Amino acid sequence: EAGVAQSPRYKIIEKRQSVAFWCNPISGHATLYWYQQILGQGPKLLIQFQNNGVVDDSQLPKDRFSAERLKGVDSTLKIQPAKLEDSAVYLCASSPVGTSGNYEQFFGPGTRLTVL
Amino acid sequence: AQSVTQLDSQVPVFEEAPVELRCNYSSSVSVYLFWYVQYPNQGLQLLLKYLSGSTLVESINGFEAEFNKSQTSFHLRKPSVHISDTAEYFCAVSSMNTGFQKLVFGTGTRLLVSP
């Protein structure tokens, strides 16, 4: 079974530029998560989708970050414009969905963003 | 809300020595507890989890963690480490109300195993 795929793996941009990250979850996983992992910190949830609907985006800086999950499969996370403090690893995770909500999250390898 | 504290940012240890990675949590409700491992240039992988029942949980590669409710701790231990255990380890918590979906992670502990 293929894991969660993310691209690109690395991205370097200058501040005020735009950037987009792509995630392909495990086939059949209805729930998709985007996390931000700043150096020296644990992953922090940015947004959670169930199918193509947003479940939780309370920690997403909506003035510059946006995310979409068209057709309930792949997802893209965009930053526009980027700031220096956005330098981090952006992790995508997916899980099946069920009534109990107790399904393991499977993580992709992440995209390392450096903003200069 | 839940929070997790991992006091040790880095733990150096020699191969075949025992190791303990500390994790303390804070929550006003009952919780699930997790340890994730992140090898270089890879995503996080679930190492083990505590849901209920026996307070001692084990992984397939020799790690174990013990849930201590009175001390609000979930320390990770291994009696004899290998070079291949070098990685970053994250403790995470979620409330039983939200299940596995709302994970709150600690800041991580980097385990460095040397020959």
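The values are calculated or read from the model by the stated rules, or taken from the named source; none is laboratory data. Since the structure is predicted, the reported quantities are computational estimates derived from the model, not experimental observations. Counting neighbours? That spans all protein chains shown, and the Cβs are built from the backbone with ideal geometry, glycine included. What goes into the accessible areas is simple: the full protein's heavy atoms, side chains included, and nothing from ligands, DNA or RNA. Shrake-Rupley method; radii C 1.70, N 1.55, O 1.52, S 1.80 Å.
Annotations
- Residues that are within 13 Å of chain B (Cβ to nearest Cβ), open to solvent by less than 80 Å² (accessible area, probe 1.4 Å) and more than 27 Å from residue B:108 (Cβ to Cβ) do occur in the stretch A:29-44, at least one of them.
- Tabulated pairs, the stretch A:1-17, first without any contact (Cβ under 8 Å) to a residue 12 or more places away in the chain, second β-branched (Val, Ile, Thr), C-beta under 8 angstrom, 6+ apart or interchain: none
- Residue ranges of strands (runs of 3 or more DSSP E) in the stretch A:64-116 with at least 3 members over 25 Å from residue B:45 (Cβ atoms) and at pLDDT 90 or above: A:65-68
- Within the stretch B:25-38, the residues that satisfy the criterion of being in contact with a strand residue (DSSP E or B) (Cβ under 6 Å, 6 or more places away or on another chain) and open to solvent by 50 Å² or more (accessible area, probe 1.4 Å) are B:26, B:29.
- Which numbered condition residue B:34 fails, given (1) within 25 Å of residue A:39 (Cα to Cα); (2) touching a Phe, Trp or Tyr at 6+ places or on another chain (Cβ under 6 Å); (3) within 11 Å of chain A (Cβ to nearest Cβ); (4) hydrophobic (A, V, I, L, M, F, W, C): (2)
- Residue check for residue A:105: open to solvent by 60 Å² or more (accessible area, probe 1.4 Å) and within 14 Å of chain B (Cβ to nearest Cβ): no
- Annotation: of all residues in the stretch B:58-115 being in contact with a Phe, Trp or Tyr (Cβ under 8 Å, 6 or more places away or on another chain), closer than 25 Å to residue B:28 by Cα and away from chain A (no Cβ under 14 Å), the one that is surrounded by the fewest Cβ atoms within 10 Å (Cβ to Cβ) is B:68.
- The single condition among (1) away from chain B (no Cβ under 13 Å); (2) under 12 Å from the mean Cα position of the chain (by Cα); (3) open to solvent by 20 Å² or more (accessible area, probe 1.4 Å) that residue A:11 does not satisfy is (2).
- Top-ranked residue of the stretch B:39-52 - restricted to ones that are at pLDDT 90 or above and open to solvent by 30 Å² or more (accessible area, probe 1.4 Å), ranked as farthest from the chain's Cα centre (by Cα): B:39
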